[in-house]
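Here is the structure we will look at, set down as structure tokens.
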Amino acid sequence: MAERNAPVILVEHLRVNYGRRVALCIDQLRFDRGECVGIIGPSGAGKTTLLRAIKGYVRPTRGKIEVLGLNWSMCDRSARRRVQRRIGLIFQQFHLVPRMTVLQNVLCGRLGSTHRLKSLFGRFSAEDKQIAWRAICEVGLQEQVHQRADTLSGGQQQRVAIARVVAQQPEVILADEPVSNLDPVLGAEVLTLLVEVTKHHDATLILNLHQPALAKRFVNRVVGLRDGRIVFDDLPSRLTDDQLQEVYLGYEPTPLYRDDSTAGRSMAMVGA
Amino acid sequence: MDFVTDMMPPDTTGEILAIGWETALLTLQIALLGTAIGGLFAVMLGLLAANNLTPEWVHHPLKVLLAIMRSIPVLILALVLVRAVGLGPFPGVLAIAIHSVGNLGKLFADECETAFEGVWEAMDSAGANWWQKVRFAVWPQVAPQIVSLTLYRLEMNIRESAVLGLVGCGGIGFYITLYQRSFNYTCMCTMVLVMLVIVLAVDQLSVQIRKRLT
Ligand SMILES: Nc1ncnc2c1ncn2[C@@H]1O[C@H](COP(=O)(O)OP(=O)(O)OP(=O)(O)O)[C@@H](O)[C@H]1O
Ligand SMILES: [Mg+2]
């Protein structure tokens with residue numbers, strides 16, 4: 001096993017190009033065990049690309065990405081699958097299995113560890129069911145276990161997705177704009193839950209967030225991306241309006257505190 | 001309007017009705033078996049022919065194969081197969097199955113291609129293998145449509161099957177041509193009416209089942 005204080009994720013001299021377009025250009029970035037990191041940045045900054053590169057879904061054009069001690073570009077397929085299984089994903093659109101119950105959806109988190117053939121017939125071991133049940137309790141959906149997941153509210157659906165990731169027992173949780181489809185109150189609840197779950201399972205959380213205000217409330221480190229480069233990497237308390245300007249300059253302004261005059265202006269532009 | 005009066009009244013002697021019932025049942029069986037076999041293969045080939053589930057070298061040739069299978073009309077397939085395997089219901093079943101694979105396989109592949117990509121990625125992320133991803137990310141989304149499309153195909157196949165009697169596959173179509181050629185129009189009328197009842201009954205049943213699915 002790697003030494004105790006080795007980084008969970010290490011990115012070095014990373015370059016991701018799409019054609020001639022540079023999507024990511026990061027010299028060094030490391031995340032340690034137990035961190036809750038928020039990644040902010042305007043649309044197209046490369047937030048999604050960074051998460052997908054960490055998961056190993058996007059191949060770097062150049063550079064190194066090491067996750068849980070494994071270098072994505074220097075490993076065989078099976079080692080890669082084994083490590084990928086220890087990384088959980090949360091999506092903006094939840095991506096639950098339609099027409100299946102909450103319990104069945106959460107059991108899907110076990111697919112990588114359970115008996116493959118039995119799972120095809122919907123059969124899971126008692127241990128799998130116990131893990132799933134505990135995950136459901138953790139997100140507070142005991143009463144809805146046997147309800148079809150697509151009949152739940154948006155906030156509840158994201159809870160199911162979180163339970164599914166908990167059932168996967170990951171060491172790293174990557175969440176790509178997990179609350180962008182939810183109203184602010186629900187969004188805050190879901191983020192609280194996500195942070196709690198991460199702490200409880202001694203995992204590492206990386207969150208992509210559109211709203212910097214939310215990031216400030218829930219994470220203990222903020223990384224600002226702009227045009228694929230890191231322009232801010234520090235404690236949330238150090239994120240001032242000036243720094244936010246630098247991250248979002250030239251893009252749609254997203255101030256820390258809602259400014260009614262800008263809201264009015266953008267409304268006027270929509271009208272024009 | 002002579003041909004109408006020629007057929008009236010339909011011959012309802014017990015013997016003729018028995019023949020009608022028995023042969024209509026055979027026609028129905030040919031259609032059911034052909035659709036079942038065709039549907040089964042269509043599920044397998046349809047999954048493999050979906051461009052989001054398999055690599056290019058798998059789905060591309062399969063799409064071509066399915067296109068060829070559905071481009072040949074059932075009647076012509078049956079004509080050829082009767083030459084190859086002999087008279088009887090077997091070439092009929094085969095002809096319907098082959099055409100249905102081509103037809104349903106393409107529709108199933110289309111269904112799979114519209115299945116939500118995100119769930120696939122979510123299952124992959126949890127460590128699922130290809131089979132598990134198909135089972136959990138694709139199947140729940142396409143299963144109701146697959147059942148519905150197969151039932152619809154069954155309705156059409158019963159009509160196809162009735163015609164197959166003309167080329168030597170047995171069933172009610174054989175007797176319809178037989179009576180027609182011997183100018184026994186009242187008996188022919190009985191056969192047509194029996195067929196009509198069976199087709200309508202199956203259509204109704206199928207419509208009811210499909211309604212429940214949505
Ligand atoms: N598959 C792709 N092919 C080509 N270009 C891509 C692809 N994916 C992303 N890009 C480009 O890479 C850049 C970064 O995209 P990315 O999706 O990572 O941004 P983002 O920060 O997640 O944006 P958003 O906030 O809108 O989700 C963008 O310019 C985008 O157009
Ligand atoms: Mg994104």
One would report the Cα pair-distance distribution of the stretch A:31-175, bin width 10 Å, in %, as 11, 36, 34, 17, 2
Whole-Å distance linking the alpha carbon centroid of the stretch B:96-134 with that of the stretch B:49-81 is 16 Å
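Let me know the mean shielding of A:125-137 by other chains, meaning the per-residue number of their Cβ atoms within 10 Å of its Cβ.
Per-residue shielding by partner chains comes out at 0.
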The farthest towards the positive end of the charge dipole of the protein assembly as shown, of the residues B:Tyr179, A:Leu29, A:Asn181, given +1 on Cβ of Lys and Arg and -1 on Cβ of Asp and Glu, is A:Leu29
Quick calc, chain B, dipole around Cα centre from Cβ unit charges on Lys, Arg (+) and Asp, Glu (-), nearest 20 debye, gives 260 debye
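Find, to one decimal place in angstroms, the Kirkwood hydrodynamic radius of the protein assembly as shown, where the mean of 1/r is taken over every pair of different Cα atoms and then inverted.
This gives a value of 26.6 Å.
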For A:Lys129, counting only lysines whose alpha-carbon sits under 27 Å away and dropping same-chain residues fewer than eight positions off, the answer is A:Lys55, A:Lys118, A:Lys199, B:Lys133
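With +1 on each Lys and Arg Cβ and -1 on each Asp and Glu Cβ, and nothing else charged, work out how big the dipole of chain A is about its Cα centre, in Debye to the nearest 20.
On the way: 37 positive and 28 negative charges, 280 e Å.
Computed charge dipole of chain A: roughly 1340 debye.
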For B:Lys63, the lysines lying under 18 Å Cα to Cα, once residues fewer than eight places off in the same chain are dropped, come out as B:Lys106
Among the Cα-Cα pairs of the stretch B:2-213, the proportion with separation greater than 25 Å, in percent, is 48 percent
Taking a straight Cα-to-Cα line shorter than 13 Å from A:Lys47, and setting aside same-chain aspartates and glutamates fewer than 8 residues away, one finds A:Asp176, A:Glu177, A:Asp227
In degrees, nearest 10, the alpha-carbon axis of helix A:126-138 is tilted away from the dominant principal axis of the alpha carbons of chain A by 40 degrees
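Using Cα pairs closer than 8 Å and at least 6 residues apart in sequence, work out the relative contact order for the stretch B:33-178, in percent.
Contact order relative to length: 30 percent.
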Calculated from DSSP helices alone, with each H run of at least 4 adding -39500 (n - 2.57) and the total divided by the residues of chain A, [θ]222 nm to the nearest 500 comes to -11000 deg cm²/dmol
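What is the magnitude of the charge dipole of the protein assembly as shown about its Cα centre, with +1 placed on the Cβ of each Lys and Arg, -1 on the Cβ of each Asp and Glu, and no other charges, expressed in debye to the nearest 20?
1260 debye
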In nm, the gap between the two label points placed 7 Å beyond Cα toward Cβ at B:Leu200 and A:Asp233 is 7.7 nm
Computed from the beta carbon distance with a Förster radius of 22 Å, FRET efficiency for B:Met44 and B:Ala143 to the nearest 0.05 stands at 0.95
Scoring chain A by relative contact order with C-alpha pairs under 8 Å, at least six apart, yields a percentage of 25 percent
Residue-normalised 222 nm signal for chain B, counting each DSSP H run of n ≥ 4 as -39,500 (n - 2.57), nearest 500 deg cm²/dmol, is -27000 deg cm²/dmol
Averaged over the residues of A:24-30, the number of partner chain Cβ atoms within 10 Å of each residue's own Cβ comes to 0
Note: A:85-96 gets an average of partner chain Cβ contacts (10 Å, Cβ to Cβ) equal to 4
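By its C-alpha gyration tensor, with a ≥ b ≥ c as the square roots of the eigenvalues, how is the stretch B:110-194 shaped: rounded for a/c under 1.5, else prolate for a/b larger than b/c, else oblate? Could the numbers behind the result be given before it?
Working: a/c = 6.49, a/b = 4.67, b/c = 1.39.
The shape class here is prolate.
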Helix B:185-213 sits off the longest principal axis of the Cα atoms of chain B, rounded to the nearest 10 on a 0 to 90 degree scale, by 20 degrees
To the nearest 10 degrees, the tilt of helix B:172-181 (Cα long axis) against the first principal axis of the alpha carbons of chain B is 30 degrees
Packing-ranked peptide list from A:214-225, A:103-114, highest mean Cβ count within 10 angstrom first, is A:103-114, A:214-225
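No value in this document is a laboratory result; all are computed from the given coordinates. Here the structure is a predicted model, which is why all the values come from computation and not from measurement. FYI the Cβ positions are ideal-geometry reconstructions off the backbone, even for glycines, and counts take in every protein chain you see.
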